[in-house]
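See structure below.
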Amino acid sequence: MALENVFIPYGAYWTTPFCRWQGSLAREHSMELAGRVAAGFLEERRIDPRRFDSLHLGLTVYQRQSFYGAPWLAALMGAEALTGPTVAQACATSARLLAGAALEVESGLSDCALAVACDRTSNGPHVYFPDAAAPGGTGAAEDPVIGNFSMDPHAGLAMVETAENVARDAGIGRSEQEDLALLRYEQYCEALADERAFQKRYMQPVELRRGRKVTGVVEADEGVHPTTREGLGRLRPVLEGGTITYGTQTHPADGNAGLVVTTAERARELARDSAIEVRVLGWGDARVGKGMMPKATVPAARAALERSGLTVADCTAIKTHNPFAVADAYFCRELGVAAENVNRYGSPLVWGHPQAPMGLRAVIELIEELAERGGGVGLFSGCAAGDTAMALCLRVD
């Protein structure tokens, strides 16, 4: 059943620039930065943070004192009476945040919810698990970022191995992956035209601070490498005998994003342009066979479309979370859509992989693309750790 009463005020959302691993945001506490950016955005838009009655925080990489979650974030953004859940579902975190907020609004439990997602893959924690029963009491250590990229405990594979599995199973070779990676880079460059006019609709500059001192400003994505066919061809596969290179997979990154979910009436009040209506139609999730993560976007997309009463032919624009080019190639092939009609203006393959906020940025770009086109139906689908994916549909009128 499609959602009936869930809306996003046009323009009531933001993302920061995404900065490559160990870049300009590497020393910024992700929750403190998200609180600062949220407070600045709300002040700029003259939205009183006390208008929200629900806050949903997405966070996948533990930060110092992030145990205090959404209530701490609420205090940082000037809404000390506000509370809510903290959600972690790997790269599906944003979609899960939006689904949770949407269900609260649809059911009448919330009138105006704010979803904020943030992560810093840089300088991640190094965790030690004591084990008194082990020889000499020696415990085990884990790096929650690189360690989890490198090993799914159920499948027993690194994420790149799941992508190689799909490449072999679906017959998607290196040349097809490189063609798609080059296309995605060219699409991202469209967002940089006219001095980044498209990105400036939603991207908030970030002040870098040491204590109270402002040490710099990040205004645009950092670490996006120019991509050429010749450059892609010179790269070695990540795995011996494989097809995937560092040019056809994404890179770890840091950043945050936020978005308001509310009723139709409240959306008109908070919209940057009340003549543009953005309605959330439905969402879906899916899980595929062990070690086949990049395939999951397809059944998740079909579930979201079915729940929304739509088909892929109804979609004016489509966005995906594509950590590997092979994921996009498989998605386009299975759903029968042209690669150039997916991920216009950019995607995580190019602008990076800070797990929690990726999906929010993709959804925000989807809304802006639909608004530019004069409206229509949009689909987002993104895979996540554990051979899963989540998807959602929305409409811009």
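May I ask you to list, by number, the DSSP H helices of the chain whose Cα span along the axis is at least 27 Å and whose average Kyte-Doolittle hydropathy reaches 0.0 or more?
Membrane-span-like by this rule: 355-373.
Using just the helices of the chain, give the 222 nm mean residue ellipticity in deg cm²/dmol: DSSP H runs with n ≥ 4 each add -39,500 (n - 2.57), and the total is spread over all residues, rounded to 500. If you can, show how the numbers build up before the last one.
Working: 13 runs with 134 residues, N = 397.
Taken over the chain, the calculation gives -10000 deg cm²/dmol.
Would you please classify the overall shape of the chain from the alpha carbon gyration tensor, given that a ≥ b ≥ c denote the square roots of the eigenvalues, rounded means a/c under 1.5, and beyond that prolate means a/b larger than b/c while oblate covers the rest?
The shape class here is rounded.
In what sequence, highest mean first, do 316-324, 23-31 appear when ranked by Cβ atoms within 10 angstrom? Could the numbers behind the result be given before it?
On the way: 316-324: 26.0, 23-31: 20.9.
Highest to lowest by the protection proxy: 316-324, 23-31.
Between Glu265 and Tyr68, how many nm apart are label points set 7 Å from Cα along the C-beta direction?
Spacing of the two 7 Å Cα→Cβ label points: 3.6 nm.
Report the charge-dipole magnitude of the chain in Debye, nearest 20, computed about the Cα centre from +1 at each Lys and Arg Cβ and -1 at each Asp and Glu Cβ.
Dipole magnitude for the chain comes out near 520 debye.
Obtain the nm distance between the two label points defined at Asn341 and Ala141 by a simple spin-label model: each point lies 7 Å from its Cα along the Cα-to-C-beta direction.
With each label point 7 Å from Cα toward Cβ, the separation is 5.1 nm.
If I take R0 = 56 Å and measure r between the Cβ atoms of Asp111 and Lys290 in this structure, what FRET efficiency does the formula 1/(1 + (r/R0)^6) give, to the nearest 0.05?
On the way: r = 42 Å, r/R0 = 0.75.
After rounding, the FRET efficiency stands at 0.85.
Which order, highest average first, do 361-374, 117-130 follow once you tally other Cβ atoms within 10 Å for each residue and take the mean per peptide?
Values: 361-374: 21.6, 117-130: 19.4.
By packing density, highest mean first, the sequence is 361-374, 117-130.
Find how many whole Å separate the alpha carbon centroid of segment 69-137 from the alpha carbon centroid of segment 301-353.
Computed from Cα coordinates, the inter-centre distance equals 26 Å.
Top mean-square fluctuation among Ala38, Ala338, Ala385, Gaussian network model of the chain, C-alpha springs under 10 Å?
Greatest mean-square fluctuation among the candidates belongs to Ala338.
Can you list the aspartates and glutamates whose alpha carbon is less than 14 Å from that of Lys213, not counting same-chain residues fewer than 8 positions off?
Reachable aspartates and glutamates: Glu28.
Build a GNM of the chain with springs between Cα atoms under 10 Å: which of Pro135, Pro205, Pro348 gets the top mean-square fluctuation?
Pro135
State, to one decimal in nm, how far the label point of Asp131 lies from the label point of His154, with both points 7 Å from Cα in the Cβ direction.
Label-label distance for Asp131 and His154, simple model: 2.3 nm.
Quick check on segment 1-155: what are the equivalent-ellipsoid semi-axes from the Cα gyration tensor, as sqrt(5λ), descending, whole Å? Before the final figure, lay out each step's value.
Numbers: eigenvalues 209, 70, 45 Å².
Over the Cα atoms of segment 1-155, the ellipsoid semi-axes are 32, 19, 15 Å.
Could you bin all the Cα-Cα distances of segment 349-397 into 10 Å bins starting at 0 and give me the percent of pairs in each, rounded to whole numbers?
23, 50, 24, 3
Suppose R0 equals 22 Å. What FRET efficiency, 1/(1 + (r/R0)^6) with r the Cβ-Cβ distance, do Leu208 and Ala81 give to the nearest 0.05?
Here the calculated transfer efficiency is 0.15.
Hey, in the GNM for the chain with a 10 angstrom Cα cutoff, which one of Asp53, Asp387, Asp285 fluctuates hardest?
For the chain, modelled as a Gaussian network with Cα springs under 10 Å, the answer is Asp53.
Quick one: which of 215-221, 97-103 comes out on top by average Cβ neighbours within 10 Å, and what's the full order, highest first?
97-103, 215-221
Bear in mind these aren't lab numbers, they're just calculated from the coordinates by the rules spelled out. It should be emphasised that the depicted structure is a prediction, and the values quoted were computed from it without experimental measurement. So basically every Cβ, Gly included, is an ideal-geometry build from the backbone, and we count neighbours across all protein chains shown.
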